[in-house]
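First comes the structure, then the notes that go with it.
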Amino acid sequence: MAEEEIKTTTVAAEAEEQAPKTKSAKKGKRVVTSGQLHIQATFNNTIISVTDKNGGILTASSAGANGFRGSKKGTAYAAQIAAEKALEKAKKDYSLNSVDVFVKGIGLGRDSAIRAVSSFGIKIDSITDVTPIAHGGVRPKGERKP
């Protein structure tokens, strides 16, 4: 009995040694030199997302994620800090050096986040306002009866 157990363990060990070892190739560091910066500025918070040209998120930050709480999250200073943190990580990890800026919302952090980008040393290619505008909606059902 004891000999059989020893044989089975050695056979299993030999099978592991003979199995082909698949070593995964190490992925290179992804380099995104130009991307997009999305700024969502509400009255309560400012969310900054750095993406590649296709919209895939590289880094993100918000005023709440940087330690601001309550009404301080909606301030211009909190938006500036959030933008600096997101851009710092994007520049360090992906060597980002130019962005297209898309601003959405009417909060206080709109302008200060854009100023933080320009002061950080990243080139701004374009600034686009993508704030949705209400238009009254579609015609209600059954309203036009004579």
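Just so it is clear, none of the values below were taken in a lab; they were calculated from the coordinates. Being a predicted model, the structure only gives us computed values, none of them experimental. Methodologically, a virtual Cβ is constructed for each residue, glycine included, from the backbone with ideal geometry; neighbour enumeration extends over all protein chains shown.
Defining a contact as two alpha carbons under 8 Å apart and six or more residues distant in sequence, what relative contact order in percent does region 34-129 show?
Values: 223 pairs, mean separation 31.6, N = 96.
Computed over region 34-129, the figure is 33 percent.
Report the local net charge at Ala86: Lys and Arg +1, Asp and Glu -1, summed over other residues whose C-beta lies under 12 Å from its C-beta.
Values: positive: Lys85, Lys89, Lys91, Lys92; negative: Glu84, Glu88, Asp93.
Every neighbour counted, the sum reads +1.
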Whole-number D in µm²/s for region 85-146 (Stokes-Einstein; Kirkwood sum over Cα pairs; 25 °C, 0.890 mPa s) = 168 µm²/s
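Among Lys53/Lys85; Lys29/Lys104; Lys29/Lys73, which pairs are too far apart, with a Cα-Cα distance over 28 Å? Don't skip to the end; give the middle numbers.
Working: Lys53/Lys85 20 Å; Lys29/Lys104 31 Å; Lys29/Lys73 33 Å.
Where the Cα-Cα span goes over 28 Å, the pairs concerned are Lys29/Lys104; Lys29/Lys73.
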Obtain the nm distance between the two label points defined at Arg139 and Asp100 by a simple spin-label model: each point lies 7 Å from its Cα along the Cα-to-C-beta direction.
-> 3.6 nm
Most exposed to least, judged by fewest other Cβ atoms within 10 Å, Tyr77, Tyr94 sort to Tyr77, Tyr94
With region 34-129 reduced to its Cα atoms and the Debye formula applied, log10 I(q)/I(0) at q = 0.19 1/Å amounts to -0.75
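Go through 108-116, 127-135 and give me the packing order, highest mean Cβ count within 10 Å leading.
Values: 108-116: 21.2, 127-135: 9.0.
Put in order of decreasing packing, that is 108-116, 127-135.
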